[in-house]
Amino acid sequence: MSTDGGADDDGTYCAPAGPGAPTVPPAPDGAADGPPYAECVLCREPTEYPESTRGATLCPVCAWQEAGRSTCSG
């Protein structure tokens with residue numbers, strides 16, 4: 001068992017690599033690279049879903065806030 005606090009043998013800590021690695025986040029001005037993305041229904045920022053996605057699409061920030069609201073409203 002390793003005692004280095006979770007670091008890999010090469011010294012990296014939880015560094016994703018390969019085809020499953022996360023992509024570069026959208027540009028700060030809200031323009032996303034790649035296919036046209038659906039707008040968040042609350043803040044109108046681009047989401048990670050294509051425009052063809054049905055239903056109410058939320059960006060990760062609004063999705064997290066909605067989850068917190070629904071959890072706390074008992």
- Among the residues of region 61-71, is there at least one that is open to solvent by 50 Å² or more (accessible area, probe 1.4 Å), among the charged types (D, E, K, R), outside any loop (DSSP other than H, G, I, E, B) and at pLDDT below 90? yes
- Task: Could you list, in sequence order, all residues of region 41-59 that are open to solvent by 80 Å² or more (accessible area, probe 1.4 Å) and not in a loop (DSSP other than H, G, I, E, B)?
- Result: GLU48, TYR49
- List the pairs whose first member sits in region 37-48 and is under 11 Å from GLU66 (Cβ atoms), whose second member is crowded, with 19+ Cβ neighbours inside 10 Å, and whose Cβ atoms are under 6 Å apart, counting only residues at least 6 apart or on separate chains? CYS40/THR47; CYS40/LEU58; CYS40/CYS59
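The values are calculated or read from the model by the stated rules, or taken from the named source; none is laboratory data. Just so we're clear, the structure is a prediction, and the values are computed from it rather than from any experiment. All Cβ positions, glycine included, derive from the backbone under ideal geometry; neighbour counts span all protein chains shown. Each accessible area value is taken on the protein alone, full model and side chains, heavy atoms only, with ligands, DNA and RNA left out. Shrake-Rupley method; radii C 1.70, N 1.55, O 1.52, S 1.80 Å.
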